[in-house]
Amino acid sequence: MTAPSTTPPASPASTPWRDRKRYTWLLGLAVPTLPFQAAALVAVSDWTVLWWWGPFFAFVIIPVLDALIGPDQANPPDEVIPQLEEDKYYRWCTYLYLPLQYAGLLYACLLWAEGMSVQDALGLAATVGVVAGVAINTAHELGHKRETVERRLARLALAQSAYGHFYVEHNHGHHIRVATPEDPASSRLGESLWAFLPRTVAGSVRSAWRLEARRLSRRHHRIWSHRNDVLTAWGLTALLFTTLAAVFGPSVLPYLFVQAVCGILLLETVNYLEHYGLSRERRPDGRYERVAPRHSWNSNNTTSNIFLYQLQRHSDHHANPLRRYQTLRHFEEAPQLPSGYATMIVLAWATPLWRRVMDPKVLAHYGGDARRANLHHRRASRYGGLDAPTHAG
């Protein structure tokens, strides 16, 4: 029997290829302007509920557009990928996120400082939190690149969400241990999002610290020093929040923490759905098999991919972490989510609905054998995986 191919389907080559989505990538810059959009909508309509515009945009408008516009499975031909990778236009589509991100944050602090009702201020904090969550994804795109300027921009983008250790753990932890019980960012079959969240948040912090301590020890540097990327990332957030509190007053601090929590919740919910239940097998030598397309859930929904820089083509990202978003490819053999991330995030928040939709998909992916999945040991009997290995946590 022939092994399944890991080569993505080729795009038709009868006519010169062009990126039909070239200018739609600029639409992603609508996200960091959400605080300004909310303020304008409230001013025009006098409906204060529109301070919650960010969550409505992300979890109502985007899912509706995903359903209406549908998926796009087209891949760039291999011969144009080098040219696409070098086209700096695509880089500026991500670079420009940051000044807009921080302009929105400053504007929100100004509004909080001027005085708002608690309900309105929380709505604005949730809107800013959507910006912070997508900023983590922008940092994810930038942080995987070799260019120093992009790595520095990634760390700056993470400061708003107070999740700078993601820069270390994701690149050097998650990408090594993905779809294994050892990875705190890979969710298990039968594990709810609400059980996953404390495990992944605490596990990611521990992992980042251990990875950075090991790196510094190997280079004979002190762990508690300016060379520690985890400490400097947290220090950048402390500096940012302290400066904002000094300029606008301490009344902004509670809302800065709320927006950071919202951003973290978005990131970790995405982590939850990206590898839910998927597992890499151990080889006879005790090491895990190489990461393959079958170890990530993918989605080709056009709208959400535009706003997330094609994060949903996650299999190719894990196979080629340095590949830029505009060249990520669809794989036929990669398991597919029923919809885009925006819809699936909402589904993950409702555990019974999530299990009803996704558990059968995981089991079908493994031919009905739950023991082959990354199975939550407390739920093993539920899926007939009584002999499945027990995982910590």
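Quick notes on this one:
- When each full DSSP H helix of the chain is screened for a Cα extent of at least 15 Å along its own axis and an average Kyte-Doolittle hydropathy of at least 0.0, the helices passing are 34-45, 97-114, 118-143, 148-159, 229-248, 253-274.
- Accessible area per residue in Å² at 1.4 Å probe, computed on the chain: 45
- Accessible area, probe 1.4 Å, largest first, for residues E182, E150, E289: E182, E289, E150
- Dipole magnitude of the chain about its Cα centre (Cβ charges: Lys, Arg +1; Asp, Glu -1), debye to nearest 20: 1220
- When the range 135-224 is described by a simple charge dipole with +1 on each Lys and Arg Cβ and -1 on each Asp and Glu Cβ, the residue from A208, P184, A159 located farthest towards its positive end is A208.
- Net charge dipole size for the range 289-366 [Lys, Arg +1 and Asp, Glu -1 on Cβ; Debye, nearest 20]: 100
- For the pair the range 212-249 and the range 130-145, the centres of their Cα atoms are 19 angstrom apart.
- The chain - Rg over Rh from alpha carbon coordinates, Kirkwood radius: 0.97
- Here is how the number arises for the chain: DSSP H runs of 4 or more residues each give -39500 (n - 2.57), the sum is divided by the residue count, and the result at 222 nm is -16000 deg cm²/dmol.
- In Å², nearest 10: area of M344 left accessible to a 1.4 Å probe: 0
- The Cα-based radius of gyration of the range 119-261, divided by its Kirkwood radius, gives an Rg/Rh of 0.99.
- By accessible area, using a 1.4 Å probe on protein heavy atoms only, the range 31-79 has 72% of its surface on carbon and sulfur.
- The distance linking the range 296-348 with the range 19-76 is 18 Å (Cα centroid to Cα centroid, whole angstrom).
- Rounded if a/c under 1.5, otherwise prolate or oblate - the range 230-293, Cα gyration tensor axes: prolate
- Highest-fluctuation residue, V261, V357, V130 considered, GNM on the chain with Cα pairs under 10 Å: V357
- Remark: accessible surface ordering of K145, K361 (largest first) is K361, K145, probe radius 1.4 Å.
- Ranking T237, T33 by solvent-accessible area of protein heavy atoms (1.4 Å probe, all protein chains present), from largest to smallest, gives T33, T237.
- 24 Å Cα-Cα reach of K21 towards lysines, excluding residues that sit fewer than 8 places from it in its own chain: K88, K145
The values are calculated or read from the model by the stated rules, or taken from the named source; none is laboratory data. For clarity, every value in this text was computed on a predicted model and none was experimentally measured. Using ideal geometry, Cβ is built from the backbone for each residue, glycine included, and neighbour counts are taken over all protein chains shown. Please note that ligands, DNA and RNA were not included when accessible areas were found on the heavy atoms of the full protein model with its side chains. Shrake-Rupley method; radii C 1.70, N 1.55, O 1.52, S 1.80 Å.
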